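Take a look at the structure below.
The values are calculated or read from the model by the stated rules, or taken from the named source; none is laboratory data. No experiment lies behind these values; they were computed from the predicted model shown. Glycine also receives a Cβ, built like all others from the backbone with ideal geometry; neighbour counts cover every protein chain displayed.
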C-alpha cells in the first residue's frame, strides 16, 4: 500500500469521527448512491468489522441504541435489504449485524468513491503545503 493510501485511510477515519460536527446537506450527488451519509457510516462500520454487535456499532459511531435500531430497521427493510440481523437465542439483547451481498456491494462502491474523492482533496492539500 502506498504511503498516500495509508495517509488517506487514517484521515478518512478521522473525518468519519468528525462528521458529527458537520452537517452534510445532500451527499447523494457527491458519492452517487441512494443511502444517506449516516446510513453509509453504519454500512462502512459493519463492513470494516466484518459484522458487529449492535452495542459495538453504537459505541463506534456514538449512537444511542434507539437511533441505531431505527437506522438498522431502514437498512434491513424491503426498500434497501442491505443489512441482516442475527439474534442470540440465549440472550435476546445481543444482536449481531452483517451486510447482505447487496449491502457489501453498496458499502464497497461508496468507500471506493469516497476514498478517491478524499485522495484528490488530500493530494491537492499536500501539493499546496509543499509550495
TODO: Kindly indicate whether residue 63 is at pLDDT 90 or above, surrounded by 18 or more Cβ atoms within 10 Å (Cβ to Cβ) and in a loop (DSSP other than H, G, I, E, B).
DONE: yes
Open item on the list: One residue is enough: does the stretch 108-115 have a residue meeting the conditions over 20 Å from residue 11 (Cβ atoms) and surrounded by 15 or more Cβ atoms within 10 Å (Cβ to Cβ)?
Closed with: no
Open item on the list: Looking at the stretch 101-114, I want the residues that are under 19 Å from residue 84 (Cβ atoms) and have a partner that is in a helix (DSSP H, G or I) and modelled with pLDDT under 85 with Cβ atoms under 6 Å, at least 6 apart or on another chain. Which pairs are those?
Closed with: 110/31
Open item on the list: Yes or no: the stretch 97-104 includes at least one residue that is at pLDDT 90 or above, in a loop (DSSP other than H, G, I, E, B) and on the phi < 0 side of the Ramachandran plot.
Closed with: yes
TODO: Just name the residue that is surrounded by the most Cβ atoms within 10 Å (Cβ to Cβ) out of those in the stretch 78-92 that are in a loop (DSSP other than H, G, I, E, B) and in contact with a strand residue (DSSP E or B) (Cβ under 9 Å, 6 or more places away or on another chain).
DONE: 82
